[in-house]
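Enquirer: Here it is, the structure in full.
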Amino acid sequence: MNSFLESFGTALRLVAGLDPMLWTIVARSLSVSVTACAFACTGGMLLGAWLGVSRFAGRGALLTVLNTLLALPSVVVGLIVYLLLSRSGPLGFLGWLFSFKAMVLAQSVLVLPVAAALTRRAVEDADRSHGEQLTSLGAQPLLRSLLLGWDERYALLTILIACFGRAVSEVGAVMIVGGNIDGFTRVMTTAIALETSKGDLPLALALGMVLLGVVLSLNVVIALVARWRTEIADGPLMVKGAAA
């Protein structure tokens with residue numbers, strides 16, 4: 001008990017004292033996840049919006065594959081990306097293995113199906129409500145998907161935040177392709193695993209506190225966006241009711 005309290009106290013001092021090693025790892029972790037989400041969500045949301053309004057042969061099979069990828073373990077993603085980037089792999093000439101770029105690629109592959117599947121659901125639900133009206137006005141599927149995506153922008157913002165949470169909290173893929181190299185590819189999750197195995201509990205606890213703080217902040221933002229969206233949607237009705 002005393003050992004736990006001592007470790008917890010030391011961890012708090014590391015966080016509050018802005019320990020350089022701790023915050024370097026945090027900054028690198030956030031940088032990797034933000035970059036990966038920027039790429040993955042751009043492609044995934046465009047793909048999801050298109051799937052939400054398009055109807056074609058094989059769409060059901062494609063959606064099945066997409067939904068299956070939602071449950072793809074991060075270690076499997078790491079293994080696939082490792083094989084692609086290894087010296088004998090098809091992308092080995094890039095020399096990205098055990099680098100920042102490899103971790104971004106792995107997290108992008110992990111996050112893209114999440115962004116695509118959730119966006120597809122949001123846009124498809126909106127298309128059921130407003131699709132016929134847009135079609136009657138001459139909107140083609142591409143334009144319709146963009147208009148519906150804009151109409152569901154608050155839902156897409158929530159999806160974006162959820163994707164970032166998925167990226168920043170994963171450990172398997174970045175450990176495999178990044179190598180967990182101190183000062184280069186060590187991020188919060190891989191550092192927690194390493195420091196715990198080494199018995200350096202204060203640093204592991206400090207990183208865990210920061211990671212929990214990041215995830216908690218994301219959930220608070222999601223809740224605020226949902227509340228804001230509800231207030232905007234209910235606002236005109238409330239005004240109309242009051243006027244009546």
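Enquirer: Testing R55 on (1) part of a helix (DSSP H, G or I); (2) touching a helix residue (DSSP H, G or I) at 6+ places or on another chain (Cβ under 9 Å), one condition comes back false. Which one is that?
Expert: Status for R55: all satisfied but (1).
Enquirer: Determine whether segment 131-145 contains at least one residue that is under 22 Å from C37 (Cβ atoms), in contact (Cβ under 8 Å) with a residue 60 or more places away in the chain and touching a Gly at 6+ places or on another chain (Cβ under 8 Å).
Expert: Yes, the conditions are met somewhere in segment 131-145.
Enquirer: Do we have any residue at all in segment 100-117 that's without any contact (Cβ under 8 Å) to a residue 40 or more places away in the chain and either of a type outside the set (S, T, N, Q) or more than 20 Å from R166 (Cβ to Cβ) (or both)?
Expert: Checking segment 100-117: at least one residue is without any contact (Cβ under 8 Å) to a residue 40 or more places away in the chain and either of a type outside the set (S, T, N, Q) or more than 20 Å from R166 (Cβ to Cβ) (or both).
Enquirer: Of L134, L118, which residue is farther than 19 Å from V168 by Cβ and out of contact with any Asp or Glu (no Cβ under 7 Å at 6 or more places or on another chain)?
Expert: Testing whether each residue is farther than 19 Å from V168 by Cβ and out of contact with any Asp or Glu (no Cβ under 7 Å at 6 or more places or on another chain) leaves just L134.
Enquirer: Can you confirm whether segment 25-32 contains a residue that is surrounded by fewer than 16 Cβ atoms within 10 Å (Cβ to Cβ) and out of contact with any Asp or Glu (no Cβ under 6 Å at 6 or more places or on another chain)? Show your work before the answer.
Expert: Step one: list which residues in segment 25-32 are surrounded by fewer than 16 Cβ atoms within 10 Å (Cβ to Cβ), which gives 27, 31.
From what is left, the residues that are out of contact with any Asp or Glu (no Cβ under 6 Å at 6 or more places or on another chain) are 27, 31.
Among the residues of segment 25-32, at least one is surrounded by fewer than 16 Cβ atoms within 10 Å (Cβ to Cβ) and out of contact with any Asp or Glu (no Cβ under 6 Å at 6 or more places or on another chain), which makes the answer yes.
Enquirer: Here's something else I'd like to know. Look at A173 and say whether it is modelled with pLDDT under 90 and either surrounded by 20 or more Cβ atoms within 10 Å (Cβ to Cβ) or not in a helix (DSSP H, G or I) (or both).
Expert: On the way: modelled with pLDDT under 90: no; either surrounded by 20 or more Cβ atoms within 10 Å (Cβ to Cβ) or not in a helix (DSSP H, G or I) (or both): yes.
The answer is no for A173.
Enquirer: Take the residues of segment 209-244 that are of a type in the set (G, A, S) and at pLDDT below 70: which is nearest to the chain's Cα centre (by Cα)?
Expert: Across segment 209-244, the extreme among qualifying residues is A233.
Enquirer: Let me ask another. Using the structure shown, decide if T196 is over 20 Å from the mean Cα position of the chain (by Cα) and either part of a loop (DSSP other than H, G, I, E, B) or without any contact (Cβ under 8 Å) to a residue 40 or more places away in the chain (or both). Write out each step before concluding.
Expert: Working: over 20 Å from the mean Cα position of the chain (by Cα): yes; either part of a loop (DSSP other than H, G, I, E, B) or without any contact (Cβ under 8 Å) to a residue 40 or more places away in the chain (or both): yes.
When the stated conditions are applied, T196 passes them.
Enquirer: Exactly one condition in (1) modelled with pLDDT of 80 or more; (2) polar (S, T, N, Q); (3) farther than 14 Å from L51 by Cβ; (4) not in a loop (DSSP other than H, G, I, E, B) is not met by N180; state its number.
Expert: (4)
Enquirer: If you don't mind, another one. Does T190 satisfy being touching a residue at least 40 places away in the same chain (Cβ under 8 Å), hydroxyl-bearing (S, T, Y) and touching a helix residue (DSSP H, G or I) at 6+ places or on another chain (Cβ under 7 Å)?
Expert: So T190 fails the test.
Enquirer: Quick check: is even one residue across segment 78-88 of a type outside the set (K, R) and touching a Phe, Trp or Tyr at 6+ places or on another chain (Cβ under 7 Å)?
Expert: yes
Enquirer: Could you check L160 against (1) over 19 Å from S29 (Cβ atoms); (2) touching a residue at least 24 places away in the same chain (Cβ under 8 Å) and say which number it fails?
Expert: Condition (1) is where L160 drops out.
Enquirer: Just to check your reading of the model, which residue among S99, S169 is farther than 30 Å from R13 by Cβ and polar (S, T, N, Q)?
Expert: On the way: S169 fails: farther than 30 Å from R13 by Cβ.
Only one candidate passes the filter, namely S99.
Enquirer: Considering only segment 1-45, state which residues are polar (S, T, N, Q) and either in contact with a strand residue (DSSP E or B) (Cβ under 9 Å, 6 or more places away or on another chain) or under 20 Å from I181 (Cα atoms) (or both).
Expert: Correct list: T24, S29, S31, S33, T35.
The values are calculated or read from the model by the stated rules, or taken from the named source; none is laboratory data. Please read these numbers as outputs of a predicted model, since none were measured by experiment. Using ideal geometry, Cβ is built from the backbone for each residue, glycine included, and neighbour counts are taken over all protein chains shown.
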